[in-house]
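Contents: one structure, followed by commentary.
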């Protein structure tokens, strides 16, 4: 088995092993997070609070689950994700580090990305995890947590014994119910015992190898998974004796041909390239239809949700309702995504890019309620994604023409390999043997640049001081920020624009408008592009780059008027794709409108992302209307007192202080008017003078605004009624109120510098 190229990965896995033996320390930082208490806490907050999807991805839900967790628990969650990312190679290293860093930074500390355990030689991966790993990542995450927690319940001699015996370790983890059907079971066994367990993360593939080689194993027992691994061990020994080498992988051509004979066959002659199998002919004769469907709308990938729920939903245009209604039980569907690529093709494509359709999941329809929206589907387990070259179906749901394309049915549904080496013969009659790699070195469009998956429309909303604008401006919380900071090739401008909406901001500023021009004392009017239209035009000319506009305080302006007709165009399935020449790609569904001022046709490119912030506490702001709301993903940013954990100023616990104040505000008013943690995060160590300044010039004025100068409520929030007079922030100048003698209030300036005035807030509970 080839393990020499994976040595750094195996050593990294040993780092985790040592933490589990010692039950202490950290993998990526200095805090102690691999201890019994923290591991148990993470399990409780995740397993004990599983959330419904509701359009949110894994990290969004995880952030909510960890909102009240300690710094150590949040860092532990990041390190668990790191452990899960050691094996899979179908996720890029950059994306892995971004996600690990994002979770780590929730703790209030910034992850050191220069850590050697975050390097490419560790996180590039050593084997495919398949789509099931990504689509069910929360299940894999739970596996890793449960495994770690259950290990903590064993004494040190027992843990040491398990880590010293691969079969014993496998037998033990197979007793954990969460491991059933999960890739992490196979991954962790190989990482810890690479000689004993194959570099394969799929039980189905392991069985396929054994059955293809007619190598027996014990089925239908409690130990079947371990028996499969032992049988593979025996098969490796057998093949090693036959071939004279042990340094092979089961997918090497000479080895694969033994368990999958068609793998070693020469490509079919040109006149038989597009022949269909007996299976597809039988399916067609039995009335089975085949559909390709999308799984991304409302700017979100729904593959995970669909597979978990055993359904497929039509969330797109009304025009597809009849097509969905016509799908019959027994019909087969496959979730696809489409993109284009120029390099690393398995043939010479003469420097041209080519459409690629990625098959992400397959299943059989078991029920159709007939509403045009929902299908009940039995999805295939342990499915591994693959690509089809040159045959790209773009509509949300399309029925395959089995009369014209029966061979595509075979490629998509029947595991018959596409004869990719011979495909150029069909496109331009190339009779020469195609090269394995295209000549161009242009940037590839990957799955991240899917027509359907690329655009991000996102609004961060919440009370003031919760880090909404910080997320936009700083490289934190924005996964594509490094891409936006690049300069484009046409105008040399950054791929990022930042604007702030206000009551005077207009369509003319954002899209286009007339501007006066004085020449020779004569006034004329020119059409001038607004900031967003200008950004979109640059994105058209550079389709391989990512662009973004950051809109601060989006609900301070008249959003409908500012966006105008472009409000429709920002939807994911309305976005346009443009060629390298800046021309509209007519092969991709997209929508354009005729602008009212210039009369130009305008479409929003697929490579433009839109981010915005929204303050929920300002009474002067207009709520976002429904038309805009359904076109954006909303990310709530609430105060997080845990970010002030262990911040003590003159004996004042700021975490308790902020938590208590916000608890009272939420009870008296609402949670939208709570106070953000950012007021207390000044980048340097706070002093008593700093705290006094914050309270006098930020917190107290904010409370005055919230409660319309109702000082009795401010007293209640600050717990002043239970304090001594000198420690009260608010002083009643009169205790009795009458028609002619109203109660008046004043601010006690001395209280801002008295620690007891602050501790009394949370001690008065």
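Taking every pair of alpha-carbon atoms in region 111-154, give the share separated by more than 18 Å as a whole percent.
55 percent
Please state, to two decimals, what the Cα-based radius of gyration of region 454-636 comes to when divided by 2.2 N^0.38 Å (N = residues).
1.05
How high is the relative contact order of region 202-261, in percent, counting Cα pairs under 8 Å that sit 6 or more residues apart? Could the numbers behind the result be given before it?
Working: 38 pairs, mean separation 23.3, N = 60.
Normalised by residue count, the contact order of region 202-261 is 39 percent.
Tell me, what are the semi-axes, in whole angstrom and largest first, of the equivalent ellipsoid of region 4-194 as set by the roots of 5 times the Cα gyration tensor eigenvalues?
Details: eigenvalues 98, 76, 64 Å².
Working through the eigenvalues yields semi-axes of 22, 19, 18 Å.
With an 8 Å cut-off on Cα pairs and a minimum separation of 6 or more residues, tell me the relative contact order of region 30-152 in percent.
Numbers: 127 pairs, mean separation 39.6, N = 123.
Relative CO of region 30-152 lands at 32 percent.
Suppose a student asked you for the relative contact order of region 641-763, using Cα pairs under 8 Å spaced at least 6 residues apart; what percent would you report? Intermediate values should be presented prior to the final figure.
Numbers: 148 pairs, mean separation 30.8, N = 123.
In percent, rounded to a whole number, it is 25.
If packing is taken as the mean number of other Cβ atoms within 10 Å per residue, what is the order of 372-385, 188-201, highest first? Intermediate values should be presented prior to the final figure.
Details: 372-385: 18.3, 188-201: 21.8.
Descending mean neighbour count gives 188-201, 372-385.
Based on the Kirkwood radius over alpha-carbon pairs, what is the Stokes-Einstein translational diffusion coefficient of region 641-763 at 20 °C with 1.002 mPa s viscosity, in µm²/s?
144 µm²/s
What is the percent of Cα-Cα separations in region 159-268 that go past 17 Å? Spell out each step's value before the answer.
Values: 3347 of 5995 pairs.
Here the long-distance tail beyond 17 Å is 56 percent of all Cα pairs in region 159-268.
Just the Cα atoms of region 202-261: what Rg and Dmax do they give in Å?
When restricted to the Cα atoms of region 202-261, Rg and Dmax are 11.4, 35 Å.
Every number in this text was worked out from the coordinates using simple rules, so none of it is lab data. Computed from a prediction, not measured in an experiment: that's the story for all the values here. Here Cβ is always computed from backbone atoms with ideal geometry, including for glycine, and neighbour counts include all displayed protein chains.
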